[in-house]
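Trainee: Below you'll find the structure I mean.
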Amino acid sequence: LIIVALVVFLAFGKRIKRLLQMFWLSRRHKRFIHTFAEMIGKGDIEVEKTIATWKKYLEKLEQYPYAKLTTKEIDRIFKDSTLKDKLDLIDRHIYTTKEQPDTREAFEFLQGYAQNRYELKIDQIKNG
């Protein structure tokens with residue numbers, strides 16, 4: 001029995017590992033999408049908590065310290081002007097005492113951004 005398990009592991013180990021990785025990523029992603037959709041679906045979005053949730057999810061997904069990065073640092077690294085604009089809008093909401101901009105559209109963009117990053121990660125796992 002142990003020999004059979006060892007042979008199966010040696011023959012299919014990488015494939016099994018990839019399948020398990022994709023399973024756990026998918027499960028975590030579905031949980032994030034559900035939680036994030038609830039957070040941005042509320043009448044009054046808790047902006048700081050919502051952006052922290054987004055950063056924490058991407059940090060686990062990509063093993064990159066999003067939570068420690070500022071908007072300027074994220075822009076310098078990823079060079080995505082739309083992402084920068086949406087994060088700037090959220091920053092203005094957090095740090096300004098003037099008229100509060102509506103952040104719902106920005107968070108919807110961030111949800112789509114997380115979806116794209118998830119799909120890229122799954123493709124990386126599938127392809128090697």
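Trainee: Ignoring ligands, DNA and RNA, what percent of the accessible area of the chain is carbon or sulfur (1.4 Å)? Write out the running numbers ahead of the final one.
Mentor: Working: 5060 of 9040 Å².
The nonpolar share, carbon plus sulfur, comes to 56 percent.
Trainee: Provide the per-residue ³J(HN,Hα) series for the range 73-85, in order, calculated from phi with Karplus coefficients 6.51, -1.76, 1.60 and θ = phi - 60°, each as a whole number of Hz, with x at glycine and proline positions.
Mentor: 5, 4, 4, 4, 7, 9, 6, 10, 5, 5, 4, 4, 4
Trainee: Give, rounded to the nearest 20 debye, the magnitude of the charge dipole that the chain has about its Cα centre when Lys and Arg contribute +1 at Cβ and Asp and Glu contribute -1 at Cβ. Walk me through the intermediate numbers first.
Mentor: Working: 25 positive and 18 negative charges, 179 e Å.
The calculated dipole for the chain is roughly 860 debye.
Trainee: Continuing with this model, one more query. Here are a few candidate values for Rg/Rh (Cα atoms, Kirkwood Rh): (1) 1.06; (2) 0.95; (3) 1.13. Which one was actually calculated from the structure I just gave you?
Mentor: Calculated Rg/Rh (Cα atoms, Kirkwood Rh): the matching label is (3).
Trainee: Using a 1.4 Å probe on the protein heavy atoms only, what accessible surface does Thr35 show? Give it in Å² to the nearest 10.
Mentor: The accessible area of Thr35 comes to roughly 50 Å².
Trainee: Can you tell me the length gained on complete extension of the stretch Thr70 to Ile94, counting 0.36 nm per residue apart and subtracting the Cα distance?
Mentor: Numbers: separation 24, 0.36 × 24 = 8.64 nm, distance 1.30 nm.
Here the segment from Thr70 to Ile94 would lengthen by 7.3 nm.
Trainee: With every protein chain left in place, what is the accessible area per residue of the chain in square angstrom, probe 1.4 Å? It would help to have the intermediate numbers written out before the result.
Mentor: On the way: 9040 Å² over 128 residues.
Counting only protein heavy atoms, the per-residue value for the chain is 71 Å².
Trainee: Please work out how much accessible surface Val7 shows to a 1.4 Å probe, ignoring ligands, DNA and RNA, in Å² rounded to 10.
Mentor: Its accessible surface works out to 90 Å², give or take rounding.
Trainee: Now a separate question. As I understand it, the dipole of the chain uses +1 on the Cβ of Lys and Arg and -1 on the Cβ of Asp and Glu, about the Cα centre. Which of Asn116, Val47, Thr70 lies farthest toward its positive end?
Mentor: Value: Asn116.
Trainee: With a cut-off of at most 16 other beta carbons within 10 Å, and DSSP calling the residue loop, which trypsin sites (Lys or Arg not before Pro) in the range 49-111 qualify? Please list them.
Mentor: Working: sites: Lys49, Lys55, Lys56, Lys60, Lys68, Lys72, Arg76, Lys79, Lys84, Lys86, Arg92, Lys98, Arg104; in loops: Lys79, Lys98.
The qualifying sites are Lys79, Lys98.
Trainee: May I pose another question? So how exposed is Ile77, as accessible area in Å² (1.4 Å probe, rounded to 10)?
Mentor: Surface accessible to solvent at Ile77 totals approximately 70 Å².
The values are calculated or read from the model by the stated rules, or taken from the named source; none is laboratory data. Model, not experiment: these values are computed from the prediction. Cβ: placed from backbone, ideal geometry, glycine included. Neighbour counts: every protein chain shown. Areas reflect the complete protein model, heavy atoms only, side chains present, ligands, DNA and RNA absent. Shrake-Rupley method; radii C 1.70, N 1.55, O 1.52, S 1.80 Å.
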